[in-house]
Ligand SMILES: [Fe+2]
């Protein structure tokens, strides 16, 4: 099978060192090993990788993301496309082929990091747009390394060593969803450090998001206040890139160093069909020494 010519590949930064767009590559075909290596390196360094204008059937989506690591299934199995257990689809298209006025997952509207409720959270998520609304339905990404590095010395010192409880069941309840008992049993609450080392770069990052529920050892009110303060800091516009989807876009983000959220769109009028694969993490988050 034909492979992509390596010399076509080029990268364009998105905003500072946060995010990069790969151009001159067709990711629906098997990647040349050199291209795959360059894309992995760019992704590791920039934490957000965008490839536009791709015609990416589900099998090719799975194959492309396997170049970055092993894929994992999601515990919320109601979102699986039956023929692809590794693909999680979010769609507002009803059986008649028209928008059904139902948002497929209101949990995505809150700032979060995917799968921080796992002991070893997902390393990355790759989202592909088959159909995108003409207005809204964007995805916003927060640069958690940039947010950490912009903190004052006293805050950095205070946050290092703090731990956060993450719990999918509670974040689903807050978004208005009830998990089955079998699903809840699979994902007990888990603790992670608030400040962690980003493995590819060695830089420090903040690990938070809507699955985070409380700080270990802080009274509930103080915990809530600190949570909001840090979330507000991390989501200031200076740390955020907002992706306006066009059909054929693939965006891959590093869950070890980003948060994201979707923006609202008119679910009764505008079609939005996106699907994602999730790449397993290799190790639990590690606090700096
Ligand atoms: Fe997400």
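The values are calculated or read from the model by the stated rules, or taken from the named source; none is laboratory data. Worth saying up front: this structure is predicted, and the values here are computed from it rather than measured. Because the Cβ atoms are built from the backbone with ideal geometry, glycine has one as well, and the counts that use them run over all protein chains shown.
In the stretch 116-140, which residue that is in contact with a helix residue (DSSP H, G or I) (Cβ under 7 Å, 6 or more places away or on another chain) and not in a loop (DSSP other than H, G, I, E, B) is nearest to the ligand (Cβ to nearest atom)? Even if it seems obvious, please write down each step before you answer.
Start the filter on the stretch 116-140 by keeping residues that are in contact with a helix residue (DSSP H, G or I) (Cβ under 7 Å, 6 or more places away or on another chain), which leaves 117, 126, 128.
Now restrict to residues that are not in a loop (DSSP other than H, G, I, E, B): 126, 128.
Details: 126: 11, 128: 14 Å.
Among those that are in contact with a helix residue (DSSP H, G or I) (Cβ under 7 Å, 6 or more places away or on another chain) and not in a loop (DSSP other than H, G, I, E, B), it is 126.
Could you list, in sequence order, the residues of the stretch 250-268 that are within 27 Å of residue 44 (Cβ to Cβ) and surrounded by fewer than 21 Cβ atoms within 10 Å (Cβ to Cβ)? Step through it out loud before you land on a result.
First, pick out the residues of the stretch 250-268 that are within 27 Å of residue 44 (Cβ to Cβ): 250-262.
Of everything in the stretch 250-268, just one residue is within 27 Å of residue 44 (Cβ to Cβ) and surrounded by fewer than 21 Cβ atoms within 10 Å (Cβ to Cβ), namely 261.
Under 18 Å from residue 207 (Cα atoms), modelled with pLDDT of 95 or more, surrounded by 14 or more Cβ atoms within 10 Å (Cβ to Cβ) and out of contact with any strand residue (DSSP E or B) (no Cβ under 6 Å at 6 or more places or on another chain): is that true of residue 168 in this structure?
no
Working only within the stretch 99-115, note down all residues that are within 10 Å of the ligand (Cβ to nearest atom) and assigned to a loop (DSSP other than H, G, I, E, B).
105, 110, 111, 113, 114, 115
Quick one: in the stretch 27-54, which of the residues that are in contact with a helix residue (DSSP H, G or I) (Cβ under 6 Å, 6 or more places away or on another chain) and in a loop (DSSP other than H, G, I, E, B) is farthest from residue 114 (Cα to Cα)?
Just the residues of the stretch 27-54 that are in contact with a helix residue (DSSP H, G or I) (Cβ under 6 Å, 6 or more places away or on another chain), to begin with: 27-28, 32, 34-35, 49.
Cutting the leftovers down to in a loop (DSSP other than H, G, I, E, B) gives us 27-28, 32.
Working: 27: 23, 28: 24, 32: 29 Å.
Across the stretch 27-54, the extreme among qualifying residues is 32.
If you scan the stretch 243-265, which residues turn out to be more than 13 Å from the chain's Cα centre (by Cα) and either farther than 18 Å from residue 91 by Cβ or not in a loop (DSSP other than H, G, I, E, B) (or both)?
Step one: list which residues in the stretch 243-265 are more than 13 Å from the chain's Cα centre (by Cα), which gives 244-249, 263-265.
Scanning the stretch 243-265 gives a single hit, 244.
Could you please find all residues in the stretch 46-60 being over 15 Å from residue 253 (Cβ atoms), in contact (Cβ under 8 Å) with a residue 60 or more places away in the chain and surrounded by 17 or more Cβ atoms within 10 Å (Cβ to Cβ)? Let's see the steps before the verdict.
Of the stretch 46-60, the ones over 15 Å from residue 253 (Cβ atoms) are 52-60.
The next check asks that each one be in contact (Cβ under 8 Å) with a residue 60 or more places away in the chain; those that pass are 52-56, 58.
Once the filter is applied, which keeps residues that are over 15 Å from residue 253 (Cβ atoms), in contact (Cβ under 8 Å) with a residue 60 or more places away in the chain and surrounded by 17 or more Cβ atoms within 10 Å (Cβ to Cβ), the stretch 46-60 yields 54, 56, 58.
Exactly one of (1) buried (at least 18 other Cβ atoms within 10 Å of the Cβ); (2) in contact with a strand residue (DSSP E or B) (Cβ under 7 Å, 6 or more places away or on another chain); (3) closer than 25 Å to residue 138 by Cβ; (4) at pLDDT 95 or above is unmet by residue 193. Its number?
Failing condition for residue 193: (3).
Hey, residue 137 hits all of (1) buried (at least 21 other Cβ atoms within 10 Å of the Cβ); (2) closer than 23 Å to residue 289 by Cα but one; which does it fall short on?
Against the list (1) buried (at least 21 other Cβ atoms within 10 Å of the Cβ); (2) closer than 23 Å to residue 289 by Cα, residue 137 comes up short only on (2).
In the stretch 266-284, which residues are more than 15 Å from the ligand (Cβ to nearest atom), outside any strand (DSSP E or B) and closer than 19 Å to residue 136 by Cα? Walk me through it before giving the result.
Pass one, the stretch 266-284, residues more than 15 Å from the ligand (Cβ to nearest atom): 266-271, 273, 280, 282-284.
If we keep only those that are outside any strand (DSSP E or B) too, we end up with 266-271, 280, 282-284.
Once the filter is applied, which keeps residues that are more than 15 Å from the ligand (Cβ to nearest atom), outside any strand (DSSP E or B) and closer than 19 Å to residue 136 by Cα, the stretch 266-284 yields 266, 267, 268, 269, 270, 271.
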